[in-house]
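The values are calculated or read from the model by the stated rules, or taken from the named source; none is laboratory data. Quantities reported herein were computed from a predicted structural model and do not represent experimental measurements. Every residue, glycine as well, gets a Cβ built from its backbone with ideal geometry; the counts of neighbours run over all protein chains shown. Each accessible area value is taken on the protein alone, full model and side chains, heavy atoms only, with ligands, DNA and RNA left out. Shrake-Rupley method; radii C 1.70, N 1.55, O 1.52, S 1.80 Å.
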Amino acid sequence: MSVRRYAQTARLRLRLRAGGFDAGRMTCEGCLPVLHTGGDCRFGLVRLRGVVAPVELGAVRGGELRMGDDVFVNQGASIVAAHSITIGDHVLIGDFAALYDSNLHAVEPSTPVREGPVEIGRNVWIGRGAIVLPGVTIGDHSVVGANSVVTDDVPARTLAVGNPARAVRTFEVADDWRRL
């Protein structure tokens, strides 16, 4: 690890501890993340990359964010739990992707706020600019294509693309295989 990245990682860990995060072994390249520290956050080994834009990360009061080991979050991504977001091990989250467990306000008076837990399985790849909406579960070994909007569950070992995202193919993947 370069001296610059080491210093940035040390600053990140201090900020996480000050915010009450259970930070595991996080590293950071580039800009420090924008942190939301009102809720409960627990992280395994997580790598953040914010060279062009910082990652937005955390949980608001009453929210719970869980991230497993070997999770990579690329620049500009937004992962802030209002209720519950769980991310499994070996997950890749692309530039400017967003995971939402609530739409935070009503669209019109007769429509309630949409909320629901977001669960991302193991060895999932969420492409650049993808948006995952409240109540969605993405199964193990799945891929969400760039700029897709995920409104419904994605089964395990499936490629989902588009707006709204639809399954276009399945994968034959061993349980112990993982993306690098």
*Hey, could you check the stretch 22-42 for residues that are surrounded by fewer than 21 Cβ atoms within 10 Å (Cβ to Cβ) and of a type in the set (A, V, I, L, M, F, W, C) and say which is farthest from GLY76 (Cα to Cα)?*
ALA23
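In the stretch 15-91, which strands (runs of 3 or more DSSP E) lie fully inside it and hold 1 or more residues that are under 13 Å from the mean Cα position of the chain (by Cα)? Show your work before the answer.
Working: elements: 27-30, 34-37, 40-43, 46-50, 56-59, 64-67, 71-73, 78-81, 84-87.
The strands (runs of 3 or more DSSP E) meeting that bar are 40-43, 46-50, 56-59, 64-67, 71-73, 78-81, 84-87.
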*Output the number of residues of the stretch 139-180 satisfying the condition of being in a loop (DSSP other than H, G, I, E, B), farther than 23 Å from TYR100 by Cβ and open to solvent by 30 Å² or more (accessible area, probe 1.4 Å).*
10
*Residue list for the stretch 99-138, restricted to those being within 15 Å of VAL161 (Cα to Cα), out of contact with any Gly (no Cβ under 8 Å at 6 or more places or on another chain) and open to solvent by less than 10 Å² (accessible area, probe 1.4 Å)*: VAL132
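Among the candidates LEU48, LEU65, LEU92, LEU14, which residue alone is surrounded by fewer than 21 Cβ atoms within 10 Å (Cβ to Cβ) and under 29 Å from HIS141 (Cα atoms)?
On the way: LEU48 fails: surrounded by fewer than 21 Cβ atoms within 10 Å (Cβ to Cβ); LEU65 fails: surrounded by fewer than 21 Cβ atoms within 10 Å (Cβ to Cβ); LEU14 fails: under 29 Å from HIS141 (Cα atoms).
Residue meeting the stated conditions: LEU92.
Yes/no per residue for (1) without any contact (Cβ under 8 Å) to a residue 24 or more places away in the chain; (2) under 14 Å from the mean Cα position of the chain (by Cα):
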| position | (1), (2) |
| --- | --- |
| SER110 | yes, no |
| TRP125 | no, yes |
| ARG128 | no, yes |
| VAL150 | yes, yes |
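Do we find that GLY76 is open to solvent by less than 40 Å² (accessible area, probe 1.4 Å), modelled with pLDDT of 95 or more and at positive phi in this structure? First the steps, then the outcome.
Details: open to solvent by less than 40 Å² (accessible area, probe 1.4 Å): yes; modelled with pLDDT of 95 or more: yes; at positive phi: yes.
Yes, satisfied.
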